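Participant: One structure coming up, written as structure tokens, with questions to follow.
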Amino acid sequence: MTTPPERDAGAAGRAAPAGDAAPPALAVDGARVVSDLRELARLTADERGAQRVAWSERWASAREWLVRELAPLPVTIERDEAGNLWAELTTPARPGAPVIALGSHLDSVPDGGWLDGALGVVAALEILRAAARSGWDHATLRLVDWADEEGARFGHSLLGSSAATGLLDVEAAALLRDRDGVALPDALAAHGVTLADAPAARARLLDLDALLELHIEQGPVLEESGAPLAAPSGAVAIARLRLVFDGRAGHAGTTPMALRADAGLAAARAALAARRLAVEAGGLATSGALRLEPGIATAVAGHAELLLDLRHERDDALAALGDAIAAAVAEIAAEEHVAARIAPVWSSPAVAFDPPLVAAAREAAIAANRSAGAPALVSGALHDAVAVARSGVPTAMMFVRSVGGISHNPAEDSSERDLELAVGAFAATIERAARR
């Protein structure tokens with residue numbers, strides 16, 4: 001089984017408090033968070049990495065572990081209609097205190113890392129422990145473990161948070177199938193969730209004053225800057241497209257090159273064109289999946305489907321990139337003597353997080369980072385916080401440095417010192433948010 005490497009904290013252990021600053025009201029134990037994350041990895045990973053794909057047995061076992069850890073606390077634990085898990089501290093808050101949700105997601109991609117999503121949930125667990133220990137009453141705190149953030153099995157990212165924020169197209173989701181042909185409604189039903197009822201989860205957000213999410217960066221910006229922590233100002237715009245090419249299947253040995261209508265070659269050229277155009281536009285293009293028919297070495301492909309993911313910080317620039325790719329695809333199709341069409345799969349506009357909450361998170365990050373500051377950045381990855389922000393709930397995130405910028409990979413890692421620093425800074429962000 002793949003488990004995160006044990007590291008000697010030594011000099012890279014917890015940072016000492018600055019000057020004579022008073023101890024935080026939420027006195028969290030960052031080392032316990034790291035220990036909990038290792039235990040979760042031990043329970044739900046194998047030799048290839050994390051295997052907590054949503055709606056699977058190991059994902060359910062991760063949730064069972066979380067419920068066991070929550071059980072000693074004064075909390076109410078409930079699952080909403082979309083399968084999201086909520087735990088609210090029942091200790092009374094001060095009159096007029098805000099309601100703040102904290103969390104992320106326990107589900108992972110196949111063969112994933114030990115921190116993606118899980119860090120935010122386990123850190124929220126520790127925040128609840130600290131609040132219960134100290135009797136902190138400046139906010140009503142709710143932990144949330146969003147269901148199926150990754151979309152690894154059915155291709156719909158942010159499923160649980162989309163349902164809770166009114167962004168889920170239930171009819172379209174009902175048509176989704178996994179690679180084995182299992183329908184999404186059936187997979188959810190096996191875990192006690194009825195897809196048609198999922199939008200009723202919206203009720204859980206109606207009284208929220210804020211949502212805060214701690215997450216690994218999943219990229220190289222913080223490592224290159226030398227800063228352990230940062231608060232992203234928002235998230236990029238995303239468009240997923242399916243490029244479909246129909247040509248003419250033919251024998252690989254008897255069909256002359258000049259007479260081919262090669263759908264596979266057209267798809268390959270489209271992937272290269274998308275990369276070139278994305279670089280020119282300052283965006284990103286990823287050709288994540290390619291399917292050829294008949295899909296054998298001895299036949300020219302008569303049919304090809306290319307799944308394309310496009311990202312940019314600006315909505316208008318992303319739209320222009322999509323138009324440029326469409327023009328390139330039309331030109332390639334004509335040159336390769338194939339028919340081509342582009343079908344939208346899913347999209348998410350650029351999102352700005354709540355400026356006062358971002359400022360609170362950035363202040364906490366700068367205080368923790370000391371002389372390293374906190375670089376300005378925009379999240380290039382999707383997070384449940386993006387869906388919540390789109391719904392109008394004030395939202396912010398805090399990122400912790402990723403080693404090598406690697407994620408969705410068993411090699412995903414962050415130093416113990418950075419993780420402990422992040423948990424403390426996240427607690428400070430919550431305190432700042434409650435005061436504001």
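The values are calculated or read from the model by the stated rules, or taken from the named source; none is laboratory data. If you're wondering where the values come from, they're calculated on a predicted model, not measured in any experiment. As a convention, Cβ positions derive from the backbone with ideal geometry for all residues, glycine included, and neighbour counts pool all protein chains shown.
Participant: With respect to LEU306, is the statement that it is outside any helix (DSSP H, G or I) and among the hydrophobic types (A, V, I, L, M, F, W, C) true? Show your work before the answer.
Facilitator: On the way: outside any helix (DSSP H, G or I): yes; among the hydrophobic types (A, V, I, L, M, F, W, C): yes.
Yes; evaluated as a whole, the condition is true for this residue.
Participant: So in the stretch 179-207, with the set limited to residues that are farther than 29 Å from LEU141 by Cα and acidic (Asp, Glu), which one is surrounded by the fewest Cβ atoms within 10 Å (Cβ to Cβ)?
Facilitator: We begin by selecting, within the stretch 179-207, every residue farther than 29 Å from LEU141 by Cα; these are 179-187, 189-190.
Next, from what is left, pick out any that are acidic (Asp, Glu): 180, 186.
On the way: ASP180: 6, ASP186: 13.
Out of the qualifying residues, it is ASP180.
Participant: Go over the candidates ALA376, ALA411 one by one and state the one that is among the aliphatic types (A, V, I, L, M) and either assigned to a strand (DSSP E or B) or closer than 25 Å to ARG32 by Cα (or both). Spell out the reasoning first.
Facilitator: Values: ALA376 fails: either assigned to a strand (DSSP E or B) or closer than 25 Å to ARG32 by Cα (or both).
On inspection, the qualifying residue turns out to be ALA411.
Participant: Which of (1) part of a helix (DSSP H, G or I); (2) within 26 Å of ALA27 (Cβ to Cβ); (3) not β-branched (Val, Ile, Thr) does PHE399 not meet, given it meets every other one?
Facilitator: (1)
Participant: So, ASP137, is that one among the acidic types (Asp, Glu), more than 27 Å from LEU229 (Cα to Cα) and over 20 Å from the mean Cα position of the chain (by Cα) or not?
Facilitator: Numbers: among the acidic types (Asp, Glu): yes; more than 27 Å from LEU229 (Cα to Cα): no; over 20 Å from the mean Cα position of the chain (by Cα): yes.
So ASP137 does not fit the description; no.
Participant: Could I ask something else about it? Condition check: surrounded by 24 or more Cβ atoms within 10 Å (Cβ to Cβ) and on the phi > 0 side of the Ramachandran plot. Does LEU141 satisfy that? I'd like the intermediate steps shown before the answer.
Facilitator: Working: surrounded by 24 or more Cβ atoms within 10 Å (Cβ to Cβ): yes; on the phi > 0 side of the Ramachandran plot: no.
No; evaluated as a whole, the condition is false for this residue.
Participant: Would you please list the contacts, defined by Cβ atoms under 7 Å and residues six or more apart or on different chains, that run from a residue in the stretch 360-387 that is free of Cβ contacts under 8 Å to residues at least 40 places away in the same chain to a residue that is surrounded by fewer than 18 Cβ atoms within 10 Å (Cβ to Cβ)?
Facilitator: Taking only residues 6 or more apart or on different chains, the pairs are ILE366/GLY373.
Participant: Residues in the stretch 245-294 that are out of contact with any strand residue (DSSP E or B) (no Cβ under 9 Å at 6 or more places or on another chain) and more than 22 Å from LEU321 (Cα to Cα): how many?
Facilitator: 5
Participant: Which count do you get for residues in the stretch 89-108 that are surrounded by 19 or more Cβ atoms within 10 Å (Cβ to Cβ) and either among the basic types (Lys, Arg) or under 19 Å from TRP136 (Cβ atoms) (or both)? Give the steps one after another, and end with the answer.
Facilitator: First pass over the stretch 89-108, keeping only residues surrounded by 19 or more Cβ atoms within 10 Å (Cβ to Cβ): 89, 98, 100-108.
With either among the basic types (Lys, Arg) or under 19 Å from TRP136 (Cβ atoms) (or both) added as a condition, the list becomes 89, 98, 100-103.
Here the count works out to 6.
Participant: Quick check on my filter: what residues within the stretch 154-178 are without any contact (Cβ under 8 Å) to a residue 24 or more places away in the chain and surrounded by fewer than 16 Cβ atoms within 10 Å (Cβ to Cβ)?
Facilitator: ASP169, GLU171, ALA172, ALA174, LEU175, ARG177
Participant: How about the stretch 232-290: which of its residues are among the basic types (Lys, Arg), surrounded by fewer than 17 Cβ atoms within 10 Å (Cβ to Cβ) and not in a strand (DSSP E or B)? So that I can check it myself, show each step before the final result.
Facilitator: Taking the stretch 232-290 and keeping what is among the basic types (Lys, Arg), we get 240, 242, 248, 260, 269, 275-276.
Next, only the ones that are surrounded by fewer than 17 Cβ atoms within 10 Å (Cβ to Cβ) stay: 242, 248, 275-276.
Listed by number, the residues that qualify are ARG275, ARG276.
Participant: Does ALA263 satisfy the condition of being touching a residue at least 60 places away in the same chain (Cβ under 8 Å) and within 23 Å of the chain's Cα centre (by Cα)? Break it down stepwise before answering.
Facilitator: Details: touching a residue at least 60 places away in the same chain (Cβ under 8 Å): yes; within 23 Å of the chain's Cα centre (by Cα): no.
For ALA263, the condition - touching a residue at least 60 places away in the same chain (Cβ under 8 Å) and within 23 Å of the chain's Cα centre (by Cα) - is not met.
Participant: Those residues that are more than 30 Å from ASP178 (Cβ to Cβ) and assigned to a strand (DSSP E or B), I need them from the stretch 132-152; list them, please. Show your work before the answer.
Facilitator: First, pick out the residues of the stretch 132-152 that are more than 30 Å from ASP178 (Cβ to Cβ): 132-142.
Matches in the stretch 132-152: THR140, LEU141, ARG142.
Participant: Sticking with this structure for a sec: Anything in the stretch 350-366 that is part of a helix (DSSP H, G or I) and of a type in the set (A, V, I, L, M)? List them, or say none.
Facilitator: As a first pass, look at the stretch 350-366 and keep what is part of a helix (DSSP H, G or I): 355-366.
Across the stretch 350-366, the qualifying residues are LEU357, VAL358, ALA359, ALA360, ALA361, ALA364, ALA365, ILE366.
Participant: Examine the stretch 306-316 for a residue that is under 17 Å from ALA235 (Cβ atoms), free of Cβ contacts under 8 Å to residues at least 24 places away in the same chain and surrounded by fewer than 22 Cβ atoms within 10 Å (Cβ to Cβ), and state whether such a residue exists. First the steps, then the outcome.
Facilitator: At the first step, the residues of the stretch 306-316 found to be under 17 Å from ALA235 (Cβ atoms) are 309-316.
Those left that are additionally free of Cβ contacts under 8 Å to residues at least 24 places away in the same chain: 316.
The next check asks that each one be surrounded by fewer than 22 Cβ atoms within 10 Å (Cβ to Cβ); those that pass are 316.
Yes, some residue in the stretch 306-316 is under 17 Å from ALA235 (Cβ atoms), free of Cβ contacts under 8 Å to residues at least 24 places away in the same chain and surrounded by fewer than 22 Cβ atoms within 10 Å (Cβ to Cβ).
Participant: So, ILE342, is that one in contact with a helix residue (DSSP H, G or I) (Cβ under 7 Å, 6 or more places away or on another chain), at pLDDT 95 or above and either closer than 21 Å to GLU150 by Cβ or hydrophobic (A, V, I, L, M, F, W, C) (or both) or not? Lay out the reasoning, then the answer.
Facilitator: Values: in contact with a helix residue (DSSP H, G or I) (Cβ under 7 Å, 6 or more places away or on another chain): yes; at pLDDT 95 or above: yes; either closer than 21 Å to GLU150 by Cβ or hydrophobic (A, V, I, L, M, F, W, C) (or both): yes.
Judged against the criteria, ILE342 is a match.
Participant: All but one of (1) free of Cβ contacts under 8 Å to residues at least 40 places away in the same chain; (2) more than 22 Å from the chain's Cα centre (by Cα) hold for ALA339, so report the exception by its number.
Facilitator: (1)
Participant: May I pose another question? For the stretch 25-125, which fully contained strands (runs of 3 or more DSSP E) count at least 2 residues that are without any contact (Cβ under 8 Å) to a residue 60 or more places away in the chain and over 22 Å from GLU416 (Cα atoms)?
Facilitator: Numbers: elements: 75-79, 85-89, 99-104.
Correct list: 75-79, 85-89.
Participant: Take the residues in the stretch 291-300 that are β-branched (Val, Ile, Thr) and assigned to a loop (DSSP other than H, G, I, E, B), then tell me which one is surrounded by the fewest Cβ atoms within 10 Å (Cβ to Cβ). Working first, answer last.
Facilitator: As a first pass, look at the stretch 291-300 and keep what is β-branched (Val, Ile, Thr): 296, 298, 300.
Of the ones still in play, those that are also assigned to a loop (DSSP other than H, G, I, E, B) are 296, 298.
On the way: ILE296: 10, THR298: 8.
Looking at residues that are β-branched (Val, Ile, Thr) and assigned to a loop (DSSP other than H, G, I, E, B), I get THR298.
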